[in-house]
Amino acid sequence: MVLRMVGLHGYEVEAINLDGRQRLRVSRTVGDRRYLIAYCRTPAEVAAHVDLADLVELTDFSAYRRL
C-alpha cells in the first residue's frame, strides 16, 4: 500500500523510495501541471512546506472491488 496524502491548494505528499532511502515527496498541482516542492526525510521537514493538519490520506478502494 502506498501512503498518499493531499492538502489544500493542490499539495500532495507521498511516501517513496529514492535511491534506496525512504523519503516523503511534496508536490503541488497548479492547473494541469505538477511541481516538485521537496524530498523530505521527516514530517517536520514536510511541515516547512505544508500545514500537516490540512493533509488527509487517500485510500485506493479499487482493491476492494466486489466479485
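The values are calculated or read from the model by the stated rules, or taken from the named source; none is laboratory data. Bear in mind that the values here come from a model prediction, so they are computed numbers and not experimental data. Backbone-built Cβ (ideal geometry, glycine too); neighbour counts: all protein chains shown. Just so you know, the surface numbers come from the protein's heavy atoms only, side chains and all, with ligands and any DNA or RNA stripped out. Shrake-Rupley method; radii C 1.70, N 1.55, O 1.52, S 1.80 Å.
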- [ ] Sort out which residues of the stretch 20-35 are under 11 Å from the mean Cα position of the chain (by Cα) and either more than 16 Å from residue 3 (Cβ to Cβ) or without any contact (Cβ under 8 Å) to a residue 12 or more places away in the chain (or both), and write them in order of number.
- [x] 28
Task: Options 36, 24; residue that is in a strand (DSSP E or B) and farther than 25 Å from residue 61 by Cβ - done: 36
Open item on the list: Being in a loop (DSSP other than H, G, I, E, B) and modelled with pLDDT under 95: is that true of residue 1 here?
Closed with: yes
Open item on the list: Is it the case, given these coordinates, that residue 48 is over 13 Å from residue 5 (Cβ atoms), open to solvent by 60 Å² or more (accessible area, probe 1.4 Å), of a type in the set (A, V, I, L, M) and free of Cβ contacts under 8 Å to residues at least 12 places away in the same chain?
Closed with: yes
TODO: State which residue is modelled with the highest pLDDT when the search covers only the stretch 36-57 and only residues that are acidic (Asp, Glu) and more than 11 Å from the chain's Cα centre (by Cα).
DONE: 45
